[in-house]
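Student: The structure follows.
The values are calculated or read from the model by the stated rules, or taken from the named source; none is laboratory data. Because the structure is predicted, anything quoted here is derived from the model rather than measured. So basically every Cβ, Gly included, is an ideal-geometry build from the backbone, and we count neighbours across all protein chains shown. Accessible surface is based on the protein model in full, side chains and every heavy atom, while ligands, DNA and RNA are left aside. Shrake-Rupley method; radii C 1.70, N 1.55, O 1.52, S 1.80 Å.
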Amino acid sequence: MEQLLHYVWKHKLFALKPQQTTDGKAVEIIDPGLQNIHAGPDFFNAKIKIDGVLWVGNVEIHQQASDWFKHNHHQDPAYDSVILHVASQIDAAPARTNGEPIPQMELRYPSYLASNYERLLREDRYPACHELIPQLSPFFLHSWLSSLQIERFEAKAGQILQRLEACNRDWENAFFITLARNFGFGVNADTFELWAKSVPLGAVNKHRDNLFQIETIFFGQAGLLEELPVDAYTESMMKEYKYLRHKFELTPSSECHWRFLRMRPGNFPHIRIAQLACLYHRSQGLLSQLMEMATLKQARDLLRGGTSEYWLTHYTFGEISPSHPKTLSNSSIDLLIINTVIPFLYAYGKHKANEILCMRAGQFLEELKPENNNIIRMWQECGVKASHAGDSQALIQLKKNYCDLKKCLYCRIGYEYLKKNRNV
C-alpha cells in the first residue's frame with residue numbers, strides 16, 4: 001500500500017480536510033516534489049508551508065511512522081534533509097541523526113481510493129480496469145495511446161542501441177541481427193538471433209554477388225548442414241561450406257535449436273534463412289537503402305524477396321515438394337516493417353538528430369493496418385479498437401509494461417479508475 005501513498009502524495013489526492021502536523025500545525029502542500037526512484041528520500045525539492053513558514057526540501061513517506069526507524073533513517077545523514085515525514089499510521093516520532101524531531105503528518109485520503117486500488121490488484125478479469133474503459137472518451141484514449149506509442153518507440157530504440165554497442169557500433173550488423181530475430185516470427189526468434197550473431201557479415205559481403213555462397217554461409221552457421229539427406233545441391237553446399245569455413249575460420253553455432261512443431265512449412269527455418277540469403281544477395285547496404293526509402297511501398301518491395309531455385313520445390317533439404325514461390329506474405333512483410341524497419345528509422349533518426357526519419361517512422365505506423373493478435377483482440381473486446389499499427393503498438397506497450405506488471409498507478413486509465421467514487 002505504500003505505493004498508493006506515494007501516488008496520493010504525488011497527485012495531491014488528499015481528503016477534503018485541512019492538513020496538519022501531528023502536533024497541530026497547519027500544512028499547505030504547494031509542490032509535492034519530484035519522485036525519487038533511487039536510494040534516498042521519496043520526493044525531492046518539495047515546497048511546503050508549515051505553520052505559515054515556507055520550507056523547501058525532501059519528503060519521506062511510510063505506511064507506518066515506525067518504519068522510519070526500521071529502515072534506519074535516523075542513522076542516515078541522507079535523510080537529514082527531510083522537511084516532512086508522511087505516514088498513514090502514526091505510531092512513532094521520527095528524528096534526524098542529531099536527534100532533532102522532524103515534522104510529521106498523517107496522510108488522510110478518501111477511502112474509495114484504497115478500495116479501488118485493491119480491486120485493481122485482485123481483479124481476475126483482464127485487464128483489471130475493463131469496466132471503466134467503455135466510459136472513457138475517444139479523445140482521452142487517443143491521447144494515452146499517442147503517449148504509449150512514443151514510449152514504445154523509445155523502448156525499442158533503447159534495445160537497438162544496446163545491440164549496437166554489442167556490435168561495436170556497426171549499424172548494419174545490428175540491423176541484420178534484429179531483422180533475423182524478427183524473421184523467426186516469435187517461435188524461432190531467440191534462435192534466429194543466436195544464429196545471426198554467428199554470421200560474419202564481412203564474409204557475406206565479400207560473396208554478395210553469389211547467392212549460393214551466401215546460402216552456404218547462412219545454412220552452415222545455422223548447423224543445418226550436419227545431418228543432410230544427400231542430393232546434388234546439398235553435396236555441393238557441404239563442399240562449399242568446408243572451403244568457406246576454412247577461408248573465414250567459421251564456427252557453426254552450437255546453440256541453434258530450431259523448432260518445427262505445429263509450424264506451417266512456409267515458416268520452416270530453412271525457408272526463412274533462404275529468404276534472408278536472397279535478400280542480402282540482392283541488397284547492398286540493406287539498412288542504408290531502407291533509411292532512404294520515403295514510402296511503404298518501397299520498403300515492402302525490397303523486403304518481399306524470394307529464394308533460390310532449389311527452394312521453389314523444397315521446404316527442407318532433400319525432400320521435394322510441389323513447385324511454389326517462397327515469397328513473404330503481405331502480413332509478414334508488414335510485421336517486419338513494424339518490428340524492424342520502423343524502430344530503426346526512429347533509433348537512427350534520434351542518433352543522427354534527423355527529425356525526418358523519426359517522423360517517417362510515425363507516419364509508416366499510421367499508414368499500416370493494426371496488428372491482429374491476442375493482445376489487440378483482448379483490447380477490442382474491452383472497447384478499445386486500434387485504427388492503425390501505431391495504436392496496436394501502443395496497446396501492446398500498455399499490456400506488457402503496465403497491465404502485466406500491475407503498474408495501474410502509472411497508467412492514465414488506472415488513474416481514472418482510482419479516483420472514481422463508487423460510493424456516490
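Student: Could you give every pair whose Cβ atoms fall below 6 Å, whose first residue belongs to segment 267-294 and is touching a residue at least 60 places away in the same chain (Cβ under 8 Å) and within 24 Å of Gly318 (Cβ to Cβ), and whose second residue is among the charged types (D, E, K, R) and part of a helix (DSSP H, G or I), counting only separations of at least 6 or pairs across chains?
Tutor: Ala277/Glu215
Student: List pairs: first in segment 220-240 and farther than 17 Å from Ser198 by Cβ, second open to solvent by 30 Å² or more (accessible area, probe 1.4 Å) and of a type in the set (Val, Ile, Thr), Cβ under 9 Å, 6+ apart or cross-chain?
Tutor: Asp231/Ile320; Met238/Val230
Student: Take Asn188 and decide whether it is open to solvent by 30 Å² or more (accessible area, probe 1.4 Å) and either modelled with pLDDT under 95 or within 23 Å of Leu303 (Cβ to Cβ) (or both).
Tutor: Considered against the rule, which asks whether it is open to solvent by 30 Å² or more (accessible area, probe 1.4 Å) and either modelled with pLDDT under 95 or within 23 Å of Leu303 (Cβ to Cβ) (or both), Asn188 comes out as no.
Student: Identify, by number, the condition in (1) at pLDDT below 90; (2) over 17 Å from Phe219 (Cβ atoms) that Gly305 doesn't meet.
Tutor: Evaluating Gly305 over (1) at pLDDT below 90; (2) over 17 Å from Phe219 (Cβ atoms) leaves (2) as the failure.
Student: Quick check on my filter: what residues within segment 412-424 are of a type outside the set (Gly, Ala, Ser) and either at pLDDT 95 or above or assigned to a helix (DSSP H, G or I) (or both)?
Tutor: Arg412, Ile413, Tyr415, Glu416, Tyr417, Leu418
Student: Mind checking which pairs have a first residue in segment 194-205 that is closer than 20 Å to Gly184 by Cβ and a second that is open to solvent by 40 Å² or more (accessible area, probe 1.4 Å) and among the small types (Gly, Ala, Ser), Cβ under 9 Å, 6 or more apart or different chains?
Tutor: From segment 194-205, the pairs are Lys197/Ala166.
Student: Inspect segment 346-355 for any residue being open to solvent by 50 Å² or more (accessible area, probe 1.4 Å), within 30 Å of Val230 (Cβ to Cβ) and among the small types (Gly, Ala, Ser) and give the result as yes or no.
Tutor: No, there is no match, as no residue in segment 346-355 is open to solvent by 50 Å² or more (accessible area, probe 1.4 Å), within 30 Å of Val230 (Cβ to Cβ) and among the small types (Gly, Ala, Ser).
Student: Within segment 116-130, identify whether any single residue is basic (Lys, Arg) and in contact with a Phe, Trp or Tyr (Cβ under 9 Å, 6 or more places away or on another chain), and answer yes or no.
Tutor: Going residue by residue through segment 116-130, those that are basic (Lys, Arg) are 119, 122, 125.
Now restrict to residues that are in contact with a Phe, Trp or Tyr (Cβ under 9 Å, 6 or more places away or on another chain): 119.
Yes, that holds for at least one residue.
Student: Then there is this: Provide a single number: the residues in segment 17-35 that are free of Cβ contacts under 8 Å to residues at least 12 places away in the same chain and either hydrophobic (A, V, I, L, M, F, W, C) or open to solvent by less than 80 Å² (accessible area, probe 1.4 Å) (or both).
Tutor: 2
Student: Within segment 12-55, how many residues turn out to be on the phi < 0 side of the Ramachandran plot, of a type outside the set (A, V, I, L, M), outside any strand (DSSP E or B) and out of contact with any helix residue (DSSP H, G or I) (no Cβ under 8 Å at 6 or more places or on another chain)?
Tutor: 7
Student: Just to check your reading of the model, which residue among Phe69, Phe139 is on the phi < 0 side of the Ramachandran plot, loosely packed, with under 13 Cβ neighbours inside 10 Å, in a helix (DSSP H, G or I) and not hydroxyl-bearing (Ser, Thr, Tyr)?
Tutor: Of the residues listed, the single one that is on the phi < 0 side of the Ramachandran plot, loosely packed, with under 13 Cβ neighbours inside 10 Å, in a helix (DSSP H, G or I) and not hydroxyl-bearing (Ser, Thr, Tyr) is Phe139.
Student: Let me ask you something else. Could you check segment 257-270 and list, in sequence order, the residues that are under 28 Å from the mean Cα position of the chain (by Cα) and either open to solvent by less than 30 Å² (accessible area, probe 1.4 Å) or among the polar types (S, T, N, Q) (or both)?
Tutor: Asn267, Pro269
Student: Another one. Quick one: how many residues across segment 363-377 are out of contact with any Gly (no Cβ under 7 Å at 6 or more places or on another chain) and under 21 Å from Met293 (Cα atoms)?
Tutor: The qualifying residues number 5.
Student: Tell me the residue from Ala203, Ala174, Ala155 that is over 26 Å from Tyr315 (Cβ atoms), at pLDDT 95 or above and buried (at least 16 other Cβ atoms within 10 Å of the Cβ), please.
Tutor: Step by step, each of Ala203, Ala174, Ala155 is checked, and only Ala174 is over 26 Å from Tyr315 (Cβ atoms), at pLDDT 95 or above and buried (at least 16 other Cβ atoms within 10 Å of the Cβ).
Student: So, Pro32, is that one under 20 Å from Asn98 (Cα atoms) and either at pLDDT below 95 or under 32 Å from the mean Cα position of the chain (by Cα) (or both) or not?
Tutor: So Pro32 does not fit the description; no.
Student: Checking the structure you have, find out if any residue of segment 159-166 is open to solvent by 60 Å² or more (accessible area, probe 1.4 Å), without any contact (Cβ under 8 Å) to a residue 12 or more places away in the chain, within 30 Å of Lys352 (Cβ to Cβ) and small (Gly, Ala, Ser).
Tutor: yes
Student: So which residues in segment 46-66 are open to solvent by less than 50 Å² (accessible area, probe 1.4 Å) and either free of Cβ contacts under 8 Å to residues at least 40 places away in the same chain or among the aromatic types (Phe, Trp, Tyr) (or both)?
Tutor: Ala46, Ile48, Gly57, Asn58, Glu60, Ala65, Ser66
Student: While we're on this one: Looking at segment 366-408, which of the residues that are assigned to a helix (DSSP H, G or I) and among the charged types (D, E, K, R) is most open to solvent (accessible area, probe 1.4 Å)?
Tutor: The selected residue is Glu381.
Student: Can you find even one residue in segment 73-92 that is among the small types (Gly, Ala, Ser), touching a residue at least 60 places away in the same chain (Cβ under 8 Å) and open to solvent by 20 Å² or more (accessible area, probe 1.4 Å)?
Tutor: There is at least one residue in segment 73-92 that is among the small types (Gly, Ala, Ser), touching a residue at least 60 places away in the same chain (Cβ under 8 Å) and open to solvent by 20 Å² or more (accessible area, probe 1.4 Å).
Student: Right, here's the next one. Within segment 351-358, identify whether any single residue is part of a helix (DSSP H, G or I) and more than 21 Å from the chain's Cα centre (by Cα), and answer yes or no.
Tutor: yes
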